[in-house]
1. Here is a list of conditions, (1) surrounded by 10 or more Cβ atoms within 10 Å (Cβ to Cβ); (2) of a type outside the set (Asp, Glu); (3) outside any loop (DSSP other than H, G, I, E, B), and Ala32 meets all of them except one; can you say which number that is?
2. It is to be established whether one or more residues within segment 37-45 are modelled with pLDDT of 80 or more, among the charged types (D, E, K, R) and either surrounded by fewer than 10 Cβ atoms within 10 Å (Cβ to Cβ) or assigned to a helix (DSSP H, G or I) (or both).
3. Is it the case, given these coordinates, that Ala19 is small (Gly, Ala, Ser) and not in a loop (DSSP other than H, G, I, E, B)?
4. Evaluate segment 58-70: report whether one residue or more is modelled with pLDDT under 80, in a loop (DSSP other than H, G, I, E, B), loosely packed, with under 10 Cβ neighbours inside 10 Å and at positive phi.
5. Test Ala53 against the stated conditions and say whether it is modelled with pLDDT of 90 or more, assigned to a loop (DSSP other than H, G, I, E, B) and out of contact with any Gly (no Cβ under 6 Å at 6 or more places or on another chain).
6. Find the residue count for segment 48-69, including only residues that are small (Gly, Ala, Ser) and over 27 Å from Arg34 (Cβ atoms).
Amino acid sequence: MTKLADTPATEAAKKAVEADKKALEQSRAEYAQRSKGKPTPTQEENDLAMCGAHILEHEPDGSDPDPNVKSVAADKPHAAARPQTYQTRSHKTE
């Protein structure tokens, strides 16, 4: 068993090591949660594409949707319904 000095610095070091362990465990849990699923494109899709097949839609990988990606249609549902108009320069013919 390791003998440690009974000082405030030793207690602070113990707390720091314990906090590092908790952070590492949390980081590993988050990584495991994010990396579930399978790669996209799959190896089969890669093989088909290499032989000339055109992939229209990839097989779902089984992961959760990315929370950092915002859907444009969800933000502005009315924008897709009507076309945007803009002013152009008028052209004079002589």
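1. All conditions are met except number (1).
2. Checked against the condition, which is being modelled with pLDDT of 80 or more, among the charged types (D, E, K, R) and either surrounded by fewer than 10 Cβ atoms within 10 Å (Cβ to Cβ) or assigned to a helix (DSSP H, G or I) (or both), segment 37-45 yields at least one hit.
3. Judged against the criteria, Ala19 is a match.
4. The answer is yes; a qualifying residue exists.
5. yes
6. Total satisfying the criteria: 2.
The values are calculated or read from the model by the stated rules, or taken from the named source; none is laboratory data. Everything numeric here is computed off the predicted structure, so don't read it as measured data. All Cβ positions, glycine included, derive from the backbone under ideal geometry; neighbour counts span all protein chains shown.
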